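For reference, the structure is listed below as structure tokens.
The values are calculated or read from the model by the stated rules, or taken from the named source; none is laboratory data. None of these values were measured; they are calculated from a predicted model. Please note: Cβ atoms are built from the backbone with ideal geometry, for glycine as well, and neighbour counts cover all protein chains shown. Side chains included, ligands, DNA and RNA excluded: accessible areas come from the protein's heavy atoms. Shrake-Rupley method; radii C 1.70, N 1.55, O 1.52, S 1.80 Å.
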Amino acid sequence: MTAADPRIIVALDFPTADAALYLANVLDPAQCRVKVGKELFTRAGPVLVEQLQQLGFDVFLDLKYHDIPNTTAQACRAAAELGVWMVNVHALGGRRMMEAAREAIDKAVHRPLLIAVTILTSLDADELCEVGLSGSPEDNVLRLAGLAESAGLDGVVCSPREVVALRKIVAGDFRLVTPGVRPAGVVAGDQKRIATPETAIRLGASYLVVGRPVTQAENPLAALADINALIDIKQAR
Ligand code: C5P
């Protein structure tokens with residue numbers, strides 16, 4: 001596993017900056033990136049993101065912006081100025097919102113990867129119908145991923161089970177960022193549609209979001225090394 005472009009993004013799902021920094025100090029930025037989501041960012045803010053970057057980590061700022069085009073664009077601009085590696089928006093914000101986000105990032109000095117959330121995996125077909133979206137979750141994921149790609153985004157977040165269908169319709173360099181990853185024998189927890197890291201990469205995932213298998217491990221650095229060892233970089237996109 002080369003250190004140049006780590007495929008593992010460790011989800012820092014912690015309630016405090018101290019807990020996140022404690023783990024970050026144990027991990028190796030050559031072996032993973034890190035994800036900061038809504039809870040941690042709301043509590044610890046840009047200062048924590050800067051601290052993680054100072055430790056050498058690329059940060060995926062997972063705030064899933066979804067607002068009018070101008071507001072979303074300004075939020076993306078702020079994320080770019082913060083220096084993050086990846087930022088995301090909701091594809092359901094529509095083409096103009098995604099294009100505005102793209103334009104804002106393209107104007108920035110530092111340009112994070114801009115990716116979209118398509119359909120939250122927590123939603124089933126009945127709930128989609130209730131908000132006016134007909135068709136299966138997968139139909140909606142494929143349609144929205146196509147929209148995100150045509151709006152100029154760099155990729156989408158998707159479940160391992162959607163990777164194969166997506167790879168048939170998107171360009172080879174379109175990033176597929178996949179949570180729900182569990183090494184064989186590791187407890188699934190509340191994740192239902194899981195894949196092993198090696199399977200997710202072989203099917204065409206670009207980056208794997210891994211939380212508890214690393215964060216809750218007795219030795220997080222060793223758990224991360226084990227996952228990296230499972231991934232054959234030659235297969236990675
Ligand atoms: O601990 P675990 O590996 O399940 O953590 C997965 C991470 O990916 C969490 O931060 C979770 O919020 C995120 N995620 C997910 N499923 C999605 C989208 C994001 O598990 N569909």
Query raised in the report: Of these, 167, 143, 182, 161, which one is among the charged types (D, E, K, R) and within 30 Å of residue 26 (Cβ to Cβ)?
Result: 182
Report summary line: The lone condition residue 166 fails out of (1) modelled with pLDDT of 95 or more; (2) farther than 30 Å from residue 106 by Cα is (2)
Query raised in the report: Restricting the search to the stretch 97-130, which residues are within 16 Å of the ligand (Cβ to nearest atom), in contact (Cβ under 8 Å) with a residue 24 or more places away in the chain and either surrounded by fewer than 15 Cβ atoms within 10 Å (Cβ to Cβ) or charged (D, E, K, R) (or both)?
Result: none
Query - Test result for residue 39, within 14 Å of the ligand (Cβ to nearest atom) and surrounded by fewer than 16 Cβ atoms within 10 Å (Cβ to Cβ) - result: yes
Query raised in the report: If only one of 28, 13, 18 is open to solvent by 50 Å² or more (accessible area, probe 1.4 Å), assigned to a helix (DSSP H, G or I) and at pLDDT 95 or above, which one is it?
Result: 18
Requested in this report: Kindly provide the set of residues from the stretch 131-170 that are touching a strand residue (DSSP E or B) at 6+ places or on another chain (Cβ under 6 Å), open to solvent by less than 30 Å² (accessible area, probe 1.4 Å) and either closer than 19 Å to residue 97 by Cα or hydroxyl-bearing (Ser, Thr, Tyr) (or both), ordered by number.
Outcome: 145, 148, 153, 155, 156
Report task. Could you figure out which of (1) under 23 Å from residue 97 (Cα atoms); (2) loosely packed, with under 15 Cβ neighbours inside 10 Å isn't true of residue 54? Result -> (1)
